[in-house]
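Data block below; observations after.
The values are calculated or read from the model by the stated rules, or taken from the named source; none is laboratory data. The shown structure was predicted, so the numbers you read here are calculated from the model rather than taken from an experiment. Glycine gets a Cβ as well: all are built from the backbone with ideal geometry, and neighbour counts include every protein chain shown. Calculation scope for accessible area: heavy atoms of the full protein, side chains included, ligands and nucleic acids excluded. Shrake-Rupley method; radii C 1.70, N 1.55, O 1.52, S 1.80 Å.
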Amino acid sequence: MDDRTDLPEGPPYADCVQCGEPTEYSAARPGATLCPVCEWQEAQRTACSG
């Protein structure tokens with residue numbers, strides 16, 4: 001059972017494509033979804049690759 005209370009209403013939530021944790025996005029959202037941690041890490045990688 002997912003006990004995260006900071007997620008908006010409307011499960012099911014999509015799983016992160018990198019770590020498998022639940023994201024804040026609906027499972028119906030198209031495209032690859034990332035959890036907040038993986039989104040931040042991806043932003044750090046792309047910001048420093050310039």
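The simple spin-label model puts a point 7 Å past each Cα toward its Cβ; for Gln44 and Glu21 those points are separated by 1.2 nm. Residue ranking by accessible heavy-atom surface, 1.4 Å probe, largest first, among Glu39, Glu21 comes out as Glu21, Glu39.
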